[in-house]
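Notes follow once the structure below has been shown.
The values are calculated or read from the model by the stated rules, or taken from the named source; none is laboratory data. What you see is a predicted model, and the numbers here were worked out from it, not measured in a lab. Every residue, glycine among them, receives a Cβ derived from its backbone with ideal geometry; neighbour counts consider all protein chains shown.
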Amino acid sequence: MIMFAAGLQNTTSDLLAILGIAIALSAYLSGIRLYAIQKIADIPDNDPQKEDKKRKIQVKLAWLTLADAPMVFSAFLLGLTVLLYPVTGMTPFRWFVPLGMGLFLFAGVAMVVQHVIAWYKTLSELIDQVALNIMLVMLIVAGVLWWIFLYVEQH
């Protein structure tokens, strides 16, 4: 198997760590999905806006799937990579790790984007736009400083 990311040697312990994170994130996303589905079920039948409320939740569930589905498939492929040989004696396909890691990365980026959008919507409703812009600049500065310290530490 090829090295997919810096520091990841595709050892069983490396893949188990990523697999554990993928499973935990899948469970997290599943919990959110179940909560949203319950919110649909809790809409009273006599609510005149039932279909509109239901549709809004379904759209959010569709966006959630953008992170959920790749994360589940990533966990499946990485789990097969780790467990297929010890359980069945069969060698996993070489493309399981790159595809699993790629799906993991895609799902992670999708989750980050979705969280940032949700944070922005929440903060923009609660805080004046000027304060929101100041907070955004502070987050960017903190991120750049964090990156610089990591870079300096590695070199």
Is one or more of the residues making up the stretch 85-107 in contact with a helix residue (DSSP H, G or I) (Cβ under 6 Å, 6 or more places away or on another chain), in contact (Cβ under 8 Å) with a residue 40 or more places away in the chain, surrounded by 15 or more Cβ atoms within 10 Å (Cβ to Cβ) and farther than 30 Å from Gln154 by Cα?
no
Residue that is nearest to the chain's Cα centre (by Cα) [pool: residues in the stretch 73-119 that are of a type in the set (S, T, N, Q) and within 16 Å of Leu25 (Cβ to Cβ)]
Gln114
Residue selected from the stretch 31-82 under the condition of a type outside the set (A, V, I, L, M, F, W, C) and touching a residue at least 24 places away in the same chain (Cβ under 8 Å), by the criterion nearest to Leu19 (Cα to Cα):
Gly79
Can you tell me which residue is nearest to Ala110 (Cα to Cα) among those in the stretch 53-92 that are at pLDDT 95 or above and either assigned to a loop (DSSP other than H, G, I, E, B) or of a type in the set (Phe, Trp, Tyr) (or both)?
Phe73
